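Working notes, beginning with the structure itself.
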Amino acid sequence: MVEAREVNHLPMFGLTPDLESLRSEVREWAVQRLRPRAAELEWKPDPADRVAWDLVEEASAQGWRTFGLSREEGGSGADPLTIAILIEELSYGDMGFAVLIDQCIKVQRILASSAHGAARKLFLERFVSDPRCILAICFTEPETSSDYIIDGPAFRFRTKAEQQSDGTWLLNGYKRYISNGADAGLYCVFACTDDSRPAAQGTSAFIVLPSDPGFEVVQVHEKMSQRGNNNGALAFNDVRLPADRLLGEAHAGYAGSRLILKESAITAGATALGTAQAAYDLALAHTRERVQGGVPLIQHANVKCRLAEMFSELEAARSMIWRAAWSVEHDPQYDYKMSSATKLFAAEASMRVALSAAELFGGLAIMYQDSGINKCVRDCMSFLHSDGAQDSHRIRIGTMLAEEV
Ligand SMILES: Cc1cc2nc3c(=O)[nH]c(=O)nc-3n(C[C@H](O)[C@H](O)[C@H](O)COP(=O)(O)OP(=O)(O)OC[C@H]3O[C@@H](n4cnc5c(N)ncnc54)[C@H](O)[C@@H]3O)c2cc1C
């Protein structure tokens, strides 16, 4: 079980010994346990067989699945920087698994801050005690996907929840692309509860269970990336939710969504970075071994330059991620633009690094099961879209800039 890390209130330019040891501990597990298992499961014909449930149990035993909960709640009390380190290193082994765990951490951070009374009890009882219980968060709908990131004045979720005279809520709608969507034990669902007001004042968040009548996984998306978790399309047809499934106050669900966007954009960057670092390390080893033109590839000037650029991009992305993750927790003047900027830069830098790595592998990169590089490219591509399309983060930053005086 990983102990909660000591909070260092000084400006953050490096890792504490505790964080360094977490980093190497997770790296070792990711390389020894996760990477080979992910390669074995990736192309199983049935999506249900692609999730490494045995490793989910191991991650639970390590305390990673519940990492963001307080110790009293059964977690490790990890802060955003510690979470970013964990997720980067898991993604070094397999991005699909890193996302599976990260979704759990995202949702538990929302629920820990907004679930009260019976909702909190339900969540903690189901989630903490069951080592295979994973969580999912549901924003994306066909008609409004990027809107929740861009957040213009006309945006309302199309999924709706109406409160009935007996206090229950009737939930109707459709969400898609939801990570862990096919396998979750508990869903956090955002719905419009007052469309006469902007989303910030008319959105509520609810806990939905897979056993709730009217809930259905209508599709498991077949993906090129992150095949170690399953994305689902979910239908909610007259799902009747008891009053205590509401998270926080009615119409105030946006607070949870903004909290998670602020932190999850940073972790999204860390997820992309972990896989890009893996691609770089594979490429570096390959260029030391493969001989062409009479010398190892790494002796050629163009290869040296390419590796130097990859190294620089990885270091720049990591610096942004660590600083943003530290600041989001400790800096009262935290600049919200940093969250989107971190995701924006890290996702694109990671894609460039993965493509460069593939270039250094030559034709081997195309033979998809003969090296791990092809998987790194496919996985990195997902973060140009996952956690918000790149341009929607650009628009978000630009809008904040335009509003600054
Ligand atoms: C692997 C993966 C996992 C995901 N997991 C989850 C999850 O767990 N939960 C969840 O809720 N969602 C999830 N998503 C959804 C993800 O957050 C959305 O895909 C993302 O927000 C983009 O939406 P879209 O794909 O519909 O693109 P679109 O909204 O169709 O965007 C397409 C392009 O148009 C641009 N665009 C869109 N709207 C505007 C606008 N108003 N102005 C200018 N440009 C615009 C975008 O920037 C983008 O370049 C996941 C997606 C992926 C790929």
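Against the condition more than 10 Å from the ligand (Cβ to nearest atom), open to solvent by less than 20 Å² (accessible area, probe 1.4 Å), over 28 Å from HIS393 (Cα atoms) and at pLDDT 95 or above, how does PHE123 come out, does it pass?
So PHE123 does not fit the description; no.
Somewhere in the stretch 196-209, is a residue among the basic types (Lys, Arg), open to solvent by 10 Å² or more (accessible area, probe 1.4 Å) and in contact with a strand residue (DSSP E or B) (Cβ under 6 Å, 6 or more places away or on another chain)?
No, there is no match, as no residue in the stretch 196-209 is among the basic types (Lys, Arg), open to solvent by 10 Å² or more (accessible area, probe 1.4 Å) and in contact with a strand residue (DSSP E or B) (Cβ under 6 Å, 6 or more places away or on another chain).
Considering the stretch 217-242 alone, what residues qualify as being within 29 Å of ASP151 (Cβ to Cβ), open to solvent by 10 Å² or more (accessible area, probe 1.4 Å) and away from the ligand (no atom under 16 Å from the Cβ)?
Answer for the stretch 217-242, where residues must be within 29 Å of ASP151 (Cβ to Cβ), open to solvent by 10 Å² or more (accessible area, probe 1.4 Å) and away from the ligand (no atom under 16 Å from the Cβ): ASN237, ASP238.
Select from the stretch 25-74 the residues that are under 30 Å from SER113 (Cα atoms) and free of Cβ contacts under 8 Å to residues at least 40 places away in the same chain and list them in ascending order.
Correct list: GLU25, ASP54, GLU58, GLU72.
Among the residues of the stretch 129-136, are any at pLDDT 95 or above, within 12 Å of the ligand (Cβ to nearest atom) and in a loop (DSSP other than H, G, I, E, B)?
yes
Applying the selection to the stretch 156-189, what residues are of a type in the set (Phe, Trp, Tyr) and closer than 14 Å to LEU135 by Cβ?
Within the stretch 156-189, TYR187 is the sole residue that qualifies.
So which residues in the stretch 137-156 are among the hydrophobic types (A, V, I, L, M, F, W, C) and more than 8 Å from the ligand (Cβ to nearest atom)?
Here is the first cut: in the stretch 137-156, the ones among the hydrophobic types (A, V, I, L, M, F, W, C) are 137-139, 149-150, 154-155.
Residues satisfying the conditions are ALA154, PHE155.
Restrict the check to the stretch 173-187 and report whether at least one residue is out of contact with any strand residue (DSSP E or B) (no Cβ under 9 Å at 6 or more places or on another chain), open to solvent by 10 Å² or more (accessible area, probe 1.4 Å) and not β-branched (Val, Ile, Thr).
There is no residue in the stretch 173-187 that is out of contact with any strand residue (DSSP E or B) (no Cβ under 9 Å at 6 or more places or on another chain), open to solvent by 10 Å² or more (accessible area, probe 1.4 Å) and not β-branched (Val, Ile, Thr).
Residue check, GLU313 against (1) within 16 Å of the ligand (Cβ to nearest atom); (2) buried (at least 19 other Cβ atoms within 10 Å of the Cβ); (3) acidic (Asp, Glu); (4) in a helix (DSSP H, G or I), all met but one. Which one?
(1)
At least 3 residues that are more than 16 Å from the ligand (Cβ to nearest atom) and at pLDDT 95 or above in each: list the helices (runs of 4 or more DSSP H) lying fully within the stretch 327-405 that qualify. Steps first, answer last, please.
Working: elements: 337-361, 373-382, 390-403.
Counting at least 3 such residues, we get 337-361.
The values are calculated or read from the model by the stated rules, or taken from the named source; none is laboratory data. Note that the structure is predicted; figures quoted are calculated from it, not measured. Glycine also receives a Cβ, built like all others from the backbone with ideal geometry; neighbour counts cover every protein chain displayed. Heads up: the accessible areas ignore ligands, DNA and RNA and are worked out on the full protein's heavy atoms, side chains in. Shrake-Rupley method; radii C 1.70, N 1.55, O 1.52, S 1.80 Å.
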